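Since the structure comes first, as structure tokens, the remarks are kept for the end.
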Amino acid sequence: MDKWEEMMKKIMAMPAEERMKRIELSKSMCICRSCPSYRGTGETELLFCGTGKSTIISKEMGCSCGLCPVVAHMGLTRLYYCTRDTEAEQRGVKI
């Protein structure tokens, strides 16, 4: 089991209220706004790695996910969450 799988197991065992607090904390650490694919699109959502791909961003103009503290903390391994979907979806894992 890798770090992401361990983290997801812990998160899914949390009460819903605690999971929501965790999401808000992750959003505060998220660096999506500084990403070349995000800037100038009019997108306002964040944390695509956990919430799903953008309905606005369609062009991959560069990816900052590898620099994001959320990605490092959660043990994420993929990129371009804004256009390719969550870590779980990219891994083919149903949560």
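Laboratory data are not the source of any read-out in this text; all were calculated from the coordinates shown. The model shown is predicted, which means the values in this text are computed figures rather than measured ones. Heads up, the Cβs are rebuilt from the backbone with ideal geometry, glycines too, and the neighbour counts pull from every protein chain shown.
Side notes on the structure shown:
- Close Lys-Lys pairs in the chain, where close means Cα under 16 Å and separation is 8 or more or interchain: 5
- Gained length - Ser34 relative to Thr83, 0.36 nm times residue gap less alpha-carbon distance: 16.1 nm
- Relative frequency of Cα-Cα separations exceeding 17 Å in the chain, percent: 47 percent
- Using just its DSSP H runs of length 4 or more, each adding -39500 (n - 2.57), the chain gives a mean residue ellipticity at 222 nm of -12000 deg cm²/dmol after division by all residues.
- 3J(HN,Hα) along the stretch 63-73: 9, 9, 3, x, 9, 7, x, 5, 4, 5, 5 Hz, from the Karplus curve 6.51 cos²θ - 1.76 cosθ + 1.60 with θ = phi - 60°, whole Hz, x for Gly and Pro.
- Least to most buried among Asp2, Asp85 (fewest other Cβ within 10 Å first): Asp2, Asp85
- Rounded to the nearest 20 debye, the dipole size of the chain about its Cα centre is 60 debye, using +1 on the Cβ of Lys and Arg and -1 on the Cβ of Asp and Glu.
- FRET efficiency, 1/(1 + (r/R0)^6) with R0 22 Å, evaluated for Thr51 and Met14 via beta carbons: 0.85
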